[in-house]
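Take a look at the structure set out below.
The values are calculated or read from the model by the stated rules, or taken from the named source; none is laboratory data. Computed from a predicted structure; not experimentally measured. In this analysis, Cβ positions are derived from the backbone assuming ideal geometry, glycine residues included, and neighbour counts consider all displayed protein chains. Keep in mind that these areas ignore ligands, DNA and RNA; they rest on the heavy atoms of the full protein, side chains included. Shrake-Rupley method; radii C 1.70, N 1.55, O 1.52, S 1.80 Å.
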Amino acid sequence: MRPVYALSGGVSKFAKTRQDKNFQAVTKEAYDYAIQDLEIDFPTFTSIVDGSVASYFSDHFTRQLMAGIMAQDYLGLCPKPSHRVEGGGATGGLCFQEVWKSIASGHMDVCVAYGFETMSHVETWKGNEFIALASDASWDYPVGGFYSGYYAMMVTRHMKEFGTTVEQMAHVSVKNHINAFSNPYAQKRNRYSIEDVRNAVMVAWPLTRLDICVMSDGAAATILASEEGIKKLEDAGAKIPRPLVKVTGIGRGTDAMRMSDRPHVEFDTFMEDYATEQEKADDGTRKYYEGLWKKGTRYPGVHSFRAGRTAGNMAYKHAGISDPLEELDFVELHDAYTSSEIQTYEDLGLCRYGEGGPFAASGKAHMPGIDYGVQLPEKPVCPVNPSGGLIACGHPVGATGLMQAVFALWQLQGTIKKHFDDDTLQVKNAKRGAIHSHAGTGTYVTVSILEQEV
Amino acid sequence: MAKLPDRRPETLGGYIVHGVPFPVETDPDSLAFLKQMAPLQIEQDYKITYLHSYGQDSPWFAAASNKKLLASRDPESGYAYATPRGHDMYSGQETEWIDITETPAHIHAFTVCYFGSEEFLPETPYVLCLIKFEGINTLFLARLFEIDPEEPSLDWIGMEVKPRFLRNSKLKPTDVYFIPA
């Protein structure tokens with residue numbers, strides 16, 4: 001496999017509705033920004049780029065089949081090769097990795113990932129119905145298909161099993177909304193308190209409206225290249241900042257569509273097949289997990305995502321990471337729900353299973369130098385969702401995973417101030433970050449590691 | 001030879017607005033001004049009737065309409081699925097049907113939906129739960145009744161429940177629902 005570099009990216013303004021433009025034109029906003037950030041003109045870039053991968057989740061939202069080729073056409077990329085990827089909420093993450101594959105394999109030197117979703121074409125309750133059709137249409141959807149309900153069931157189990165509290169979940173909402181206050185791309189830029197989150201309208205107990213991301217219209221694009229691709233672009237006048245940002249780790253995992261089918265494995269199987277290298281090496285952690293199993297915990301059940309753990313372990317191995325909390329400078333993860341951010345802390349090994357709730361309220365995942373209006377007992381270690389995540393930025397599904405890639409790239413380039421016109425959210429000396437994209441009730445999960453080239 | 005039609009037949013009805021504002025002349029200034037025009041939006045209906053087959057899972061629905069709750073089981077390992085699967089995910093072998101109508105069951109996880117997808121909005125608030133059956137390895141998603149949706153409590157987890165069946169089957173998984181045992 002050849003080294004693959006992320007060079008530039010663009011994100012359209014995420015909004016409840018972008019009826020000012022169709023999906024092709026919104027995608028072009030992000031695409032044009034990514035090209036302009038290379039300081040190269042459109043025709044020159046078009047002459048160099050080898051192909052693309054399109055990312056969008058639902059044909060229902062656009063009421064348009066083959067929307068990908070319409071974006072490809074509008075971006076002026078025909079007749080270059082392209083294909084569409086789809087994997088629910090992880091579509092953007094899958095797209096990013098498909099582009100990585102195109103370059104790592106030697107098939108392409110410069111390839112663009114673009115993604116979009118226009119969810120405003122239907123009312124919120126119809127949108128929820130479309131999304132719920134991404135659950136088994138024979139067995140899950142007819143019972144009362146509603147994703148917030150599915151995630152709420154997971155978290156009641158997490159609360160029962162591990163003692164996680166609604167206040168700990170609210171910490172995630174407060175953190176991500178306040179982070180987004182300094183992100184001009186974010187859909188929701190509001191300051192909330194723990195009380196605001198808990199007093200918001202109850203959607204699916206115990207998740208309130210402020211525990212849940214919103215539906216959005218938006219697009220994002222990222223340009224990746226090989227060393228040869230970088231040379232071609234620079235020979236044509238492109239300005240690519242150094243140090244370069246390299247994609248050093250790729251991981252994916254899957255799980256059963258019906259969360260009722262998820263296994264409940266015994267301790268030995270967990271330790272052998274799912275524990276992180278760090279967990280396996282630590283006697284204290286082994287005893288801690290033995291204690292959980294003695295109390296009845298089984299893995300993953302519905303409280304954990306083994307797809308996320310599988311993806312994380314794979315990406316960490318690829319990137320040579322053994323202690324993610326210490327070795328990652330930030331993480332942009334798929335916080336469709338505050339509860340799923342807590343679950344994902346655990347899947348990604350930022351803390352042990354069962355400790356996601358206290359971790360959320362500890363301060364370790366917060367940005368330094370920002371007043372969150374809450375008492376945080378510990379200093380920031382690895383900011384999670386410094387952009388504001390899905391909860392505040394919005395979740396135009398096909399764009400979301402690529403939005404994370406763009407924000408991660410800007411963090412590693414040290415260019416947050418340039419793009420946000422504000423450096424509040426710049427993680428100081430960011431050298432390595434992870435992006436995490438997640439589908440369904442944990443069916444497809446991708447983790448990609450990006451880092452400054454030494 | 002009969003005269004061929006030169007116009008598409010005009011009909012009233014369809015969109016509400018007739019006479020959309022537009023510059024009287026298409027001079028360059030007026031055309032440039034169109035860049036400031038707000039987007040037009042129209043409604044589009046989309047309704048489909050699907051013929052959905054339950055395929056190899058069909059006996060489960062036939063059983064529920066006869067007030068029996070089935071599950072499937074790998075005949076060799078005994079690994080059993082409360083939500084039926086035609087083939088075992090570990091051995092790859094075809095599963096067999098078992099009757100779990102009388103099997104003790106309890107709530108493994110739950111929520112109360114106060115909002116929902118359009119189809120289910122009229123039913124809010126409703127209780128969704130995952131049921132664990134004794135000796136069965138996987139769970140079953142169902143509705144829960146005879147419990148106050150305005151007073152949810154984590155104490156519901158672990159509560160023993162029993163199935164109840166619709167008198168008039170709809171051939172849907174909701175033909176069975178649960179109530180406290």
(message) When the residues of region A:192-211 are narrowed to those that are of a type in the set (Val, Ile, Thr) and more than 18 Å from B:LEU121 (Cα to Cα), which ends up least open to solvent (accessible area, probe 1.4 Å)?
(response) A:VAL197
(message) If I ask for residues that are aliphatic (A, V, I, L, M) and open to solvent by 100 Å² or more (accessible area, probe 1.4 Å), which ones from region B:18-41 would you list?
(response) B:VAL24, B:LEU40
(message) Taking the criterion of being within 25 Å of the chain's Cα centre (by Cα), open to solvent by less than 10 Å² (accessible area, probe 1.4 Å) and touching a residue at least 60 places away in the same chain (Cβ under 8 Å), would at least one residue in region A:100-108 satisfy it?
(response) yes
(message) I'd like the residue in region B:102-124 that is over 15 Å from the mean Cα position of the chain (by Cα) and facing another protein chain (nearest Cβ under 9 Å) and, out of all such residues, is most open to solvent (accessible area, probe 1.4 Å).
(response) B:TYR114
(request) Identify the residue in region B:142-181 that is open to solvent by less than 10 Å² (accessible area, probe 1.4 Å) and closer than 20 Å to A:ARG258 by Cα and, among all such residues, is farthest from the chain's Cα centre (by Cα). (result) B:PHE178
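State all residues of region B:24-46 that are farther than 29 Å from A:SER120 by Cα and not β-branched (Val, Ile, Thr); if no residue qualifies, say none.
B:GLU25, B:ASP27, B:PRO28, B:ASP29, B:SER30
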(request) May I ask you to list pairs of residues, at least six apart or on different chains, whose Cβ atoms are under 8 Å apart, with the first in region A:427-454 being within 18 Å of A:ASP261 (Cβ to Cβ) and the second being among the hydroxyl-bearing types (Ser, Thr, Tyr) and assigned to a loop (DSSP other than H, G, I, E, B)? (result) A:GLY440/A:SER135; A:THR441/A:SER135
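Give the residues of region A:114-160 that are in a helix (DSSP H, G or I), small (Gly, Ala, Ser) and surrounded by 21 or more Cβ atoms within 10 Å (Cβ to Cβ), sorted by residue number. Even if it seems obvious, please write down each step before you answer.
Restricting attention to region A:114-160, the residues satisfying the condition of being in a helix (DSSP H, G or I) are A:119-121, A:124-132, A:141-144, A:147-160.
Then drop every residue that is not small (Gly, Ala, Ser), which leaves A:120, A:127, A:132, A:144, A:148-149, A:152.
Scanning region A:114-160 gives A:ALA132, A:GLY144, A:SER148, A:GLY149, A:ALA152.
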(message) So A:LYS239 passes all but one of these: (1) open to solvent by 20 Å² or more (accessible area, probe 1.4 Å); (2) away from chain B (no Cβ under 14 Å); (3) under 30 Å from B:TYR114 (Cβ atoms); (4) not acidic (Asp, Glu). Which condition number does it fail?
(response) (3)
(message) Yes or no: region B:68-78 includes at least one residue that is open to solvent by 60 Å² or more (accessible area, probe 1.4 Å), within 11 Å of another protein chain (Cβ to nearest Cβ) and at pLDDT 95 or above.
(response) no
(request) Within region A:219-227, identify whether any single residue is under 23 Å from A:LYS431 (Cα atoms), in contact (Cβ under 8 Å) with a residue 40 or more places away in the chain and assigned to a helix (DSSP H, G or I), and answer yes or no. (result) yes
(request) Considering every residue within region A:375-387, establish whether at least one is among the acidic types (Asp, Glu) and either surrounded by fewer than 24 Cβ atoms within 10 Å (Cβ to Cβ) or farther than 23 Å from A:TYR150 by Cα (or both). (result) yes
(message) For region A:45-71, give me each residue that is more than 21 Å from B:GLN44 (Cα to Cα) and of a type in the set (Val, Ile, Thr).
(response) A:THR46, A:ILE48, A:VAL49, A:VAL53, A:ILE69
(message) part of a helix (DSSP H, G or I), away from chain B (no Cβ under 12 Å), of a type in the set (S, T, N, Q) and surrounded by fewer than 18 Cβ atoms within 10 Å (Cβ to Cβ): is that true of A:THR285 in this structure?
(response) yes
(request) Provide a single number: the residues in region A:241-277 that are of a type in the set (Lys, Arg) and more than 28 Å from A:PHE146 (Cβ to Cβ). (result) 2
(request) For A:ASN190, state whether it is modelled with pLDDT under 95 and of a type in the set (S, T, N, Q). (result) yes
(message) Going by what's in this entry, would A:SER226 be described as modelled with pLDDT of 95 or more, under 24 Å from A:THR310 (Cβ atoms) and among the hydroxyl-bearing types (Ser, Thr, Tyr)?
(response) no
(message) Every residue in region A:404-440 that is within 11 Å of the chain's Cα centre (by Cα) and more than 21 Å from A:LEU244 (Cβ to Cβ), please.
(response) A:HIS436, A:SER437, A:HIS438, A:ALA439
(request) Exactly one condition in (1) over 24 Å from A:THR338 (Cα atoms); (2) touching a strand residue (DSSP E or B) at 6+ places or on another chain (Cβ under 6 Å); (3) within 14 Å of chain B (Cβ to nearest Cβ) is not met by A:SER260; state its number. (result) (1)
(message) Can you confirm whether A:GLY106 is among the small types (Gly, Ala, Ser), part of a loop (DSSP other than H, G, I, E, B) and either away from every other protein chain (no Cβ under 14 Å) or in contact with a strand residue (DSSP E or B) (Cβ under 7 Å, 6 or more places away or on another chain) (or both)?
(response) yes
(request) Please specify each residue of region B:139-154 satisfying the condition of being in contact with a strand residue (DSSP E or B) (Cβ under 8 Å, 6 or more places away or on another chain) and more than 11 Å from chain A (Cβ to nearest Cβ). (result) B:PHE145, B:GLU146, B:ILE147
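Yes or no: B:PRO84 at the interface with chain A (Cβ under 7 Å from one of its Cβ atoms), within 18 Å of B:ASP57 (Cα to Cα) and open to solvent by less than 20 Å² (accessible area, probe 1.4 Å)?
It is false that B:PRO84 is at the interface with chain A (Cβ under 7 Å from one of its Cβ atoms), within 18 Å of B:ASP57 (Cα to Cα) and open to solvent by less than 20 Å² (accessible area, probe 1.4 Å).
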